[in-house]
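**Q** I have a structure here, written as structure tokens, and I will follow up with some questions on it.
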Amino acid sequence: MFDSVRTRLTLWYAGVLALSLIAFALVIYYAAGNIFHERQDESLRSTAQTVASAYVEELGETQSPSKAGEVVLAELTFPNRYVQLTDNTGLRIASSSNLSGSTITTPASVFIEARARGASNVTANGLRVAVVPLSSDRSLGFAEVAEPLSAIEEALRELRRDLFFGVPLVLLLASAGGYFLARKSLASIASMNSQTQRISAQNLSSRLDVTNPRDELGRLATTINDLLARLESSFKEQQRFIADASHELRTPLAVLRGETEVALGKTRSIDEYQHSLSLIQDEAERLSRIVEDLFILARQPINRRAALNKEPISLNDAVKDCARAAQVLAARKGVRLKLEENDPPSIALNADQELIKRMILNLLDNAVKYTPAGGEISLALARENGNAEIVVRDNGIGIPAADQSRVFDRFYRVDKARARALGGAGLGLSIAQWIVEAHGGRIGVVSTPGRGSTFTVSLPAKT
């Protein structure tokens, strides 16, 4: 039960509310007690002043303190209250009939205070007593009016009873309401959980319902939907990669198997065996290149910059080394490769030297493949706006505008037949793009069909 967020929220809500209600009830109780006592004191003083005024008036007529007191107390009756008249020495002049011969015992200090302040209150023998002078000159004595404290206690007892029943009832109703609100508020999360559990690799295109995209749950659902979109894209890319890789590997393997079966089918001449072995060697080399490219792509982590072995390198030296290595490919194809040396200043990078060279060689290899014999390729290095800029330009067959945005996709080839004949698998530019982006750079292509292509790489250089 306590594993439910709804239950825990309700319990927390009920606990906080209970403490608040208890604190509120205590404040109300003690405040009510003080108010009840203050009102009782005011009422007692008012009664005592009424008795004193009537006594003074009657005394003026009878000229007898005891007779005046008896007349006044006979005319003025106060249920549940006791009245006593005393002289300045504390001797009783008269008392109400409900005292039944008893007296109100009042400390002498109370009379002194009443004479000085005009009124005084005291609690004695379970009674709350108000004392006021009988006359304004304080010479006639005092009027004492008492009321049992039980009257106040009864009111407080009723208040306690109301609080004892009211606080739990309010707490119960509020907790039930809190549980209902928590259940209603968390219903969206329960729905999201149910929908998420139904999503698998087979239906990654499913999305969570977003009732209100502006509230917290709506933003959570939107975030989960964005995550699902990224997972779907990655999963489709992975499936496409596996399918393309399987296709690319199947072709050379089929050639190897077929050529081997043909060669072993019957006895052949040395020339025929040499031809078969040469074909097998070519396909084995192509297979090795594909596997090597796949291995490089497999190095791509989620954080593209995490797997690099960075160190300070000279980009000038790396470009020259790649140009010399690519000269062999260019000469074999009958293509002229030119390194444009404009005496660029030394450009240093904090980079993985092996990968940087692989990126440049991939661009040069791609240029050689798609530049016909007699064509020309140029390689240039420059510093532009604080970045190192590598430009590979050729005058080959070019790339149609519709295909330029996809040339960096894995296994994508504009002309599949020509690419396979040239030994390409469509991974070179994808690897080049990954290497550039892993180093925080950018790569782009500008091409015109029939006139050639220009690949530009921009890398952050060390200052």
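The values are calculated or read from the model by the stated rules, or taken from the named source; none is laboratory data. Predicted, not measured: the structure shown is a model, and the values here were computed from it. Don't worry about glycine lacking a Cβ; one is built from the backbone with ideal geometry, like all the others, and counts go over all protein chains shown. Ligands, DNA and RNA are stripped out before the accessible areas are found, and what is left, the full protein with its side chains, is counted by its heavy atoms. Shrake-Rupley method; radii C 1.70, N 1.55, O 1.52, S 1.80 Å.
**Q** I'm told Ser233 meets every condition in (1) under 22 Å from Ile290 (Cβ atoms); (2) open to solvent by 60 Å² or more (accessible area, probe 1.4 Å) except one. Can you identify the failing condition by its number?
**A** Unmet condition: (1).
**Q** Against the conditions (1) assigned to a helix (DSSP H, G or I); (2) surrounded by 12 or more Cβ atoms within 10 Å (Cβ to Cβ), where does Ala243 fall short? Just the number, please.
**A** The number of the failed condition is (2).
**Q** Working only within the stretch 71-89, note down all residues that are part of a loop (DSSP other than H, G, I, E, B) and either touching a Ser or Thr at 6+ places or on another chain (Cβ under 8 Å) or at pLDDT 85 or above (or both).
**A** Answer for the stretch 71-89, where residues must be part of a loop (DSSP other than H, G, I, E, B) and either touching a Ser or Thr at 6+ places or on another chain (Cβ under 8 Å) or at pLDDT 85 or above (or both): Leu76, Thr77, Phe78, Arg81, Asp87, Asn88.
**Q** Could I ask something else about it? Go through (1) in contact with a helix residue (DSSP H, G or I) (Cβ under 7 Å, 6 or more places away or on another chain); (2) within 24 Å of Thr448 (Cβ to Cβ) for Tyr370 and report which single condition fails.
**A** (1)
**Q** While we're on this one: Consider Ala388 against the criteria (1) at pLDDT 90 or above; (2) assigned to a loop (DSSP other than H, G, I, E, B); (3) not charged (D, E, K, R): it satisfies all of them except one. Which criterion is unmet?
**A** (2)
**Q** If I filter the stretch 34-49 for residues that are over 30 Å from Arg157 (Cβ atoms), part of a helix (DSSP H, G or I) and among the charged types (D, E, K, R), do I get at least one hit?
**A** no
**Q** Now for a different question. Name the pairs: first residue in the stretch 6-24 and over 27 Å from Leu159 (Cβ atoms) and open to solvent by 50 Å² or more (accessible area, probe 1.4 Å), second residue among the charged types (D, E, K, R) and part of a helix (DSSP H, G or I), Cβ to Cβ under 6 Å, at least 6 apart or on different chains?
**A** Close Cβ pairs (under 6 Å, with a partner that is among the charged types (D, E, K, R) and part of a helix (DSSP H, G or I)) amount to Arg6/Arg183.
**Q** Being in a helix (DSSP H, G or I), surrounded by 14 or more Cβ atoms within 10 Å (Cβ to Cβ) and either at pLDDT 90 or above or touching a strand residue (DSSP E or B) at 6+ places or on another chain (Cβ under 9 Å) (or both) is the filter here, so list the residues in the stretch 296-320 that pass it.
**A** Leu315, Asn316, Ala318, Val319, Lys320
**Q** Another one. Is it the case that some residue within the stretch 49-70 is over 26 Å from Ser150 (Cα atoms), touching a residue at least 60 places away in the same chain (Cβ under 8 Å) and in contact with a strand residue (DSSP E or B) (Cβ under 7 Å, 6 or more places away or on another chain)?
**A** yes
**Q** I'd like to know if the stretch 240-250 contains one or more residues that are more than 30 Å from Leu279 (Cβ to Cβ) and of a type outside the set (Asp, Glu).
**A** no
**Q** Further question on the same structure: Considering the stretch 60-93 alone, what residues qualify as being buried (at least 21 other Cβ atoms within 10 Å of the Cβ) and farther than 16 Å from Thr47 by Cα?
**A** Across the stretch 60-93, the qualifying residues are Ala68, Ile93.
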